[in-house]
1. Do we find that Asn157 is open to solvent by less than 20 Å² (accessible area, probe 1.4 Å) and touching a helix residue (DSSP H, G or I) at 6+ places or on another chain (Cβ under 6 Å) in this structure?
2. Tally up the residues in the range 219-240 that are assigned to a helix (DSSP H, G or I) and buried (at least 17 other Cβ atoms within 10 Å of the Cβ), please.
3. Just name the residue that is farthest from the chain's Cα centre (by Cα) out of those in the range 289-315 that are within 25 Å of Lys220 (Cβ to Cβ) and part of a helix (DSSP H, G or I).
4. Given the residues Ile152, Ile139, which is the only one that is of a type in the set (A, V, I, L, M, F, W, C) and in contact (Cβ under 8 Å) with a residue 40 or more places away in the chain?
5. When the residues of the range 1-33 are narrowed to those that are basic (Lys, Arg) and out of contact with any helix residue (DSSP H, G or I) (no Cβ under 6 Å at 6 or more places or on another chain), which ends up nearest to Ala330 (Cα to Cα)?
6. Within the set of pairs 6+ apart or on separate chains, which have a first residue in the range 346-363 that is under 14 Å from Val302 (Cα atoms), a second that is assigned to a helix (DSSP H, G or I), and C-beta atoms under 6 Å apart?
7. Under 17 Å from the mean Cα position of the chain (by Cα) and in contact (Cβ under 8 Å) with a residue 40 or more places away in the chain: does that describe Cys100?
8. Tally time: how many residues in the range 268-294 are open to solvent by 30 Å² or more (accessible area, probe 1.4 Å), in contact with a helix residue (DSSP H, G or I) (Cβ under 9 Å, 6 or more places away or on another chain) and aliphatic (A, V, I, L, M)?
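The values are calculated or read from the model by the stated rules, or taken from the named source; none is laboratory data. Please read these numbers as outputs of a predicted model, since none were measured by experiment. Heads up, the Cβs are rebuilt from the backbone with ideal geometry, glycines too, and the neighbour counts pull from every protein chain shown. For the accessible areas, the whole protein counts, side chains as well, though only heavy atoms, and no ligand, DNA or RNA atoms are used. Shrake-Rupley method; radii C 1.70, N 1.55, O 1.52, S 1.80 Å.
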Amino acid sequence: MSALTPRPGIMKIAPYVPGKDSIDGKETIAKLSSNEGALGPSPKAMEAYAKAASELHRYPDGDTSKLRKAIGRHYGLDPARIVCGAGSDEILNLLVRAYCGPGDELLYSQYGFLMYAINALGVGATPVAAPAKDYGSDIDALLAAVTERTRIVCLANPNNPTGTYVTKDDVRRLHAGLPKNVLLIIDAAYAEYVSKNDYESGVELVDQAENVVMTRTFSKIYGLGGLRLGWMYGPAGIVDVMSRLRQPFNVNLAAQIAGIAALEDIAHTDASRTNNDIWLPWLSDELKKLGLAPLPSVGNFVLVGFGSKERAMAANDWLLNDGLIPRLVAGYGLPEHLRITVGTETEVKAVQASLARFVAAKK
């Protein structure tokens with residue numbers, strides 16, 4: 001008898017490697033590898049989480065009705081058109097499972113989030129990367145790559161790991177050029193950090209089209225990455241499909257309760273955004289002064305160019321030795337870069353000081 005064989009595509013997957021979270025022999029570290037919220041979770045979210053302890057024997061609300069209503073209130077959206085999941089990762093996976101399969105293509109931009117290609121391969125579809133322009137999504141290249149086999153286009157906006165973004169007008173131009181049977185997924189995980197006047201998270205386009213969804217997360221500005229909580233806003237038809245496909249209790253009780261509390265703590269969210277508004281440009285400017293090449297970013301991180309793979313690896317080792325954990329991004333085709341999360345004032349200044357010593361030592 002032949003051995004068990006997984007579905008085509010699965011063995012082509014290079015498993016996703018999360019950001020490093022510890023350094024051997026170092027107790028005091030700054031984890032700047034996963035773009036987590038610099039100020040941590042809201043005190044109100046932590047209090048709500050603690051209160052949930054006595055209810056952990058109960059199944060969560062299978063319809064996430066209170067959470068969806070809270071999201072709807074906060075963002076001015078219809079709760080009936082919101083689907084919640086275990087991080088936006090689960091939402092993305094469900095969308096690909098629902099609308100893509102063998103013989104189909106999933107299109108995304110070079111340097112786009114690695115999970116797009118992984119999800120496509122997982123259902124036997126073919127991931128197609130359109131060439132980037134200035135490290136960002138090139139709308140003309142994406143449109144040129146659309147074929148009769150294209151079923152999904154994934155647009156990370158802002159994009160991780162590059163920090164680039166696509167303007168509202170260009171997103172609409174992309175959508176206008178897609179066939180009606182192609183789903184446009186706008187992955188707006190970092191939308192809360194963006195203050196550009198020509199940026200739009202995707203809400204307006206979702207309201208105007210039947211083939212567009214927007215995904216969001218509680219893992220970044222809300223500081224709840226450990227609870228795995230994300231959501232999608234989409235047309236009623238796609239919401240219906242997702243509700244049929246998702247697991248009945250896919251969002252745990254603690255995540256639902258903490259998520260509602262996090263949305264209500266406006267002061268904490270504002271403080272997190274302000275921290276990023278101050279220290280992202282400061283860090284970028286300081287790294288430029290050192291002769292490094294940080295890309296312009298609208299997220300809570302900066303992609304830093306070191307000129308070569310060898311120098312980037314040396315900088316990575318140097319930072320680790322100083323108790324600072326950056327993110328290697330060779331898996332994205334960017335071996336000469338490191339991605340560094342914008343942390344607290346103390347952490348950001350520690351990164352600057354460490355890299356200043358690195359540059360001085362490597363001259």
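1. Values: open to solvent by less than 20 Å² (accessible area, probe 1.4 Å): yes; touching a helix residue (DSSP H, G or I) at 6+ places or on another chain (Cβ under 6 Å): no.
Judged against the criteria, Asn157 is not a match.
2. Looking only at the range 219-240, we keep the residues that are assigned to a helix (DSSP H, G or I), and these are 225-227, 236-240.
Those left that are additionally buried (at least 17 other Cβ atoms within 10 Å of the Cβ): 225, 227, 238-239.
Final tally of qualifying residues: 4.
3. Ala315
4. Details: Ile139 fails: in contact (Cβ under 8 Å) with a residue 40 or more places away in the chain.
Result of the check over Ile152, Ile139: Ile152.
5. Filtering the range 1-33 for residues basic (Lys, Arg) gives 7, 12, 20, 26, 31.
Of the ones still in play, those that are also out of contact with any helix residue (DSSP H, G or I) (no Cβ under 6 Å at 6 or more places or on another chain) are 7, 20, 26, 31.
On the way: Arg7: 27, Lys20: 14, Lys26: 25, Lys31: 19 Å.
Going through the qualifying residues, I end up with Lys20.
6. Val348/Trp279; Val348/Leu283; Gln352/Glu286
7. On the way: under 17 Å from the mean Cα position of the chain (by Cα): no; in contact (Cβ under 8 Å) with a residue 40 or more places away in the chain: yes.
So Cys100 fails the test.
8. 3
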